[in-house]
Amino acid sequence: KEIKGVRHDGGEFWFSISVQMREEGGQKLLYGSIIDVTEKKQSSISLEYLATHDSLTGIYNRREFEKRLREGLKNAQQNNSELTLLYMDLDQFKVVNDTCGHKAGDVLIKQLSQQLNDVVLNKGMLARLGGDEFGVLLEQEYAQSAIVTANKLLNVVQDFRFIWENRIFTLGVSIGLV
């Protein structure tokens, strides 16, 4: 069994404990070993994170979004609850990539995605679906206020200013809601 422990300094570590029961001389004895598996466990956690999150932005990726969308649709149907999907496509993003290069585009996406995530945080799920495309899933009571959330996201994009090499860029966004 793998168990998470805490060191005296507050740091966490993982260990594996393996035990066998043996009978010797009429007594039941436990024999086993304890092995530090912190590095292996951290690698496993990192791989799990990379499988579900966009490597550039740190928000959820398309694969995890599609998985959660399928689950959300199933739950909404079974429980007669609401689920809202917002699809967002940035306007003018190609201009930044074409005039300043992909490095600038990556920085823009990273900065903007964090601001978008601040709007969605604790209300739903934000994911990067493609280069300049994002999706938002809102469930239960947050699904009912999806238009408010969409307007907040729209305002974040409209207020966002991207500065690269003394150039200032503004963006727009198209948002679809279902």
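The values are calculated or read from the model by the stated rules, or taken from the named source; none is laboratory data. Here the structure is a predicted model, which means the values were calculated and not measured. So basically every Cβ, Gly included, is an ideal-geometry build from the backbone, and we count neighbours across all protein chains shown. The protein model used for the area step is the full one, side chains on, heavy atoms only, and it has no ligands, DNA or RNA in it. Shrake-Rupley method; radii C 1.70, N 1.55, O 1.52, S 1.80 Å.
For the reader, a short list of remarks on this structure follows.
- Where SER113 falls short, out of the listed (1) over 21 Å from GLU64 (Cα atoms); (2) in contact with an Asp or Glu (Cβ under 9 Å, 6 or more places away or on another chain); (3) of a type in the set (Gly, Ala, Ser): (1)
- Scanning segment 120-152 for residues that are buried (at least 16 other Cβ atoms within 10 Å of the Cβ), among the hydrophobic types (A, V, I, L, M, F, W, C) and assigned to a loop (DSSP other than H, G, I, E, B) yields a count of 1.
- Number of positions in segment 98-110 that are open to solvent by 80 Å² or more (accessible area, probe 1.4 Å) and not charged (D, E, K, R): 1
- Top-ranked residue in segment 153-178 [being touching a helix residue (DSSP H, G or I) at 6+ places or on another chain (Cβ under 8 Å) and over 16 Å from LEU90 (Cβ atoms); ranked as least open to solvent (accessible area, probe 1.4 Å)]: LEU177
- Segment 1-16 residues that are at negative phi, paired with ones that are outside any strand (DSSP E or B) and exposed (fewer than 12 other Cβ atoms within 10 Å of the Cβ) (beta carbon under 9 Å, 6 or more apart): PHE13/ARG7; TRP14/GLU39; SER16/LYS1
- Test: GLU48 is surrounded by 14 or more Cβ atoms within 10 Å (Cβ to Cβ), farther than 13 Å from LEU129 by Cα and of a type in the set (Asp, Glu): no
- Test: ASN117 is closer than 30 Å to GLY72 by Cα and assigned to a helix (DSSP H, G or I): yes
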